[in-house]
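Right, one structure below, let's go through it.
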Amino acid sequence: MTGSVHHTIYRSEDVPLGCIPPPEELEDTLHGLMKLNGLIIRSLEEIAGRGANAVTYRAGRKFGHEVAKYFRKIENIEEALVELSHILRGQYTFELWKPADKPSFIIEENGATFIYLVFHDCIVRQTLRRNGQEQGGPLCQTLYGYVVGAIEEITGRRAKLEIVHTGPNGCLKKLILK
Amino acid sequence: MIEITVDKDACNACGLCVKDCPMHVYELKDGVAVPVRVENCMGCLSCHEICPTQALEHRGIYPSKRHYIDIRVCEMLNRVI
């Protein structure tokens, strides 16, 4: 603590303007949060078992509704997903994806209608890898809830997200439309 | 446009990339992994992680952010390498 700190006058409205920490300082906070989140999820799994998925899914869904409620309502699902990808930029970056032999992003197979999504940047994946935890567990369910909640909010349609594959640089998810 | 290169000398034809890829991008041909459906690659890089001989190389993929890697460690490594 330096003497000048005590003599500086801060008005309550000035404080956020002064919040420009260097990246190294932010990194410590980020890593602390990632560590904490990883431990919370691990403990939740130990105590609640499979129930952990329900808790994280619900948390994610609330988060999705919360974030997406400020955005315009869109009926077109493809357009809504593009919009959502912009909303989530910085937390989750994803894009619509299709195998080369499919003519459109909306795929109909065995009576189900779905869209493949590839998630690139993902705070969940980063947290799991920071802690050496397996991908596809309860923390990934937050993402499932997040997308479902946001899609419900933007389009008014019910949906389900299925994890098809998890990788170090991207994860493939299937958004099943109801 | 994604491009995949397999180092034929390094590949030991273990077939792990063939099994792990969800889009069946690879096939084993004449004792080496061959990317036969590159257009279906979504750039997850699971094959990189699973390949025991690091025989694979991807070009044109989106590199995801990896904030979990410490800035100071990266700086130190950059100075050393």
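When only residues in segment A:154-164 that are open to solvent by less than 20 Å² (accessible area, probe 1.4 Å) and assigned to a strand (DSSP E or B) count, which is nearest to the other protein chains (Cβ to nearest Cβ)?
Per the stated criteria, the residue is A:Leu161.
With the checklist (1) within 11 Å of the chain's Cα centre (by Cα); (2) part of a helix (DSSP H, G or I); (3) at pLDDT below 90 in hand, flag the one item A:Gln141 doesn't pass.
(3)
With respect to the numbered conditions (1) at pLDDT 90 or above; (2) more than 11 Å from the chain's Cα centre (by Cα), which one is the sole condition not fulfilled by B:Gly43?
(2)
Return yes or no: is A:Phe119 under 11 Å from the mean Cα position of the chain (by Cα), open to solvent by less than 60 Å² (accessible area, probe 1.4 Å) and hydrophobic (A, V, I, L, M, F, W, C)?
Details: under 11 Å from the mean Cα position of the chain (by Cα): yes; open to solvent by less than 60 Å² (accessible area, probe 1.4 Å): yes; hydrophobic (A, V, I, L, M, F, W, C): yes.
Answer is yes for this residue.
Out of everything in segment A:72-83 that is open to solvent by 80 Å² or more (accessible area, probe 1.4 Å) and touching an Asp or Glu at 6+ places or on another chain (Cβ under 9 Å), what residue ends up being nearest to A:Ile115 (Cα to Cα)?
Here the residue is A:Lys73.
What do you reckon, is A:Ile77 touching a Leu at 6+ places or on another chain (Cβ under 7 Å) and of a type outside the set (S, T, N, Q)?
Spelling it out, A:Ile77 is indeed touching a Leu at 6+ places or on another chain (Cβ under 7 Å) and of a type outside the set (S, T, N, Q).
Starting from residues that are more than 11 Å from the chain's Cα centre (by Cα) and open to solvent by less than 60 Å² (accessible area, probe 1.4 Å), keep the ones in segment A:85-97 and report whichever is nearest to A:Val147 (Cα to Cα). First the steps, then the outcome.
Narrowing segment A:85-97 to residues more than 11 Å from the chain's Cα centre (by Cα): A:86, A:95-97.
Retained after the next criterion (residues that are open to solvent by less than 60 Å² (accessible area, probe 1.4 Å)): A:96-97.
Values: A:Leu96: 13, A:Trp97: 16 Å.
Result: A:Leu96.
Looking at segment A:44-84, which of the residues that are closer than 25 Å to B:Tyr62 by Cα and among the small types (Gly, Ala, Ser) is nearest to the chain's Cα centre (by Cα)? Outline the logic, then answer.
Within segment A:44-84, the first condition is being closer than 25 Å to B:Tyr62 by Cα, and the residues that meet it are A:64, A:77-84.
Among the residues that remain, those that are also among the small types (Gly, Ala, Ser) are: A:64, A:80.
Working: A:Gly64: 8, A:Ala80: 16 Å.
Among those that are closer than 25 Å to B:Tyr62 by Cα and among the small types (Gly, Ala, Ser), it is A:Gly64.
If the Cβ limit is 7 Å and pairs must be 6+ apart or interchain, which residue in segment A:114-127 that is part of a strand (DSSP E or B) pairs with which residue that is of a type in the set (S, T, N, Q)?
Filtered contacts from segment A:114-127: A:His120/A:Thr93; A:His120/B:Ser64; A:Asp121/A:Thr93; A:Asp121/B:Ser64.
Starting from segment A:128-152, keep only residues that are at positive phi, then list their pairs with residues that are open to solvent by 30 Å² or more (accessible area, probe 1.4 Å) whose Cβ atoms are within a distance under 6 Å, requiring at least 6 positions of separation or different chains.
The qualifying pairs are A:Gly136/A:Ile163; A:Gly136/A:Thr166.
Condition first: open to solvent by 90 Å² or more (accessible area, probe 1.4 Å), among the charged types (D, E, K, R) and assigned to a helix (DSSP H, G or I). Now tell me which residues in segment A:29-65 satisfy that.
The answer is A:Arg42, A:Glu46, A:Arg58, A:Lys62.
Is it true that A:Ala52 is among the small types (Gly, Ala, Ser), away from chain B (no Cβ under 14 Å) and in contact (Cβ under 8 Å) with a residue 24 or more places away in the chain? It would help to see each step written out before you state the result.
Values: among the small types (Gly, Ala, Ser): yes; away from chain B (no Cβ under 14 Å): yes; in contact (Cβ under 8 Å) with a residue 24 or more places away in the chain: yes.
The answer is yes for A:Ala52.
Enumerate the pairs (first residue in segment A:22-40 and away from every other protein chain (no Cβ under 11 Å); second residue anywhere and of a type in the set (A, V, I, L, M)) with beta-carbon separation below 8 Å, excluding pairs fewer than 6 apart on the same chain, so at least 6 apart or on different chains.
Note: pairs meeting the criteria are A:Asn37/A:Leu139.
The values are calculated or read from the model by the stated rules, or taken from the named source; none is laboratory data. Note that this is a predicted model, so its numbers are computed, not measured. Please note: Cβ atoms are built from the backbone with ideal geometry, for glycine as well, and neighbour counts cover all protein chains shown. We work out accessible area using only protein heavy atoms, side chains counted, and drop any ligands, DNA or RNA first. Shrake-Rupley method; radii C 1.70, N 1.55, O 1.52, S 1.80 Å.
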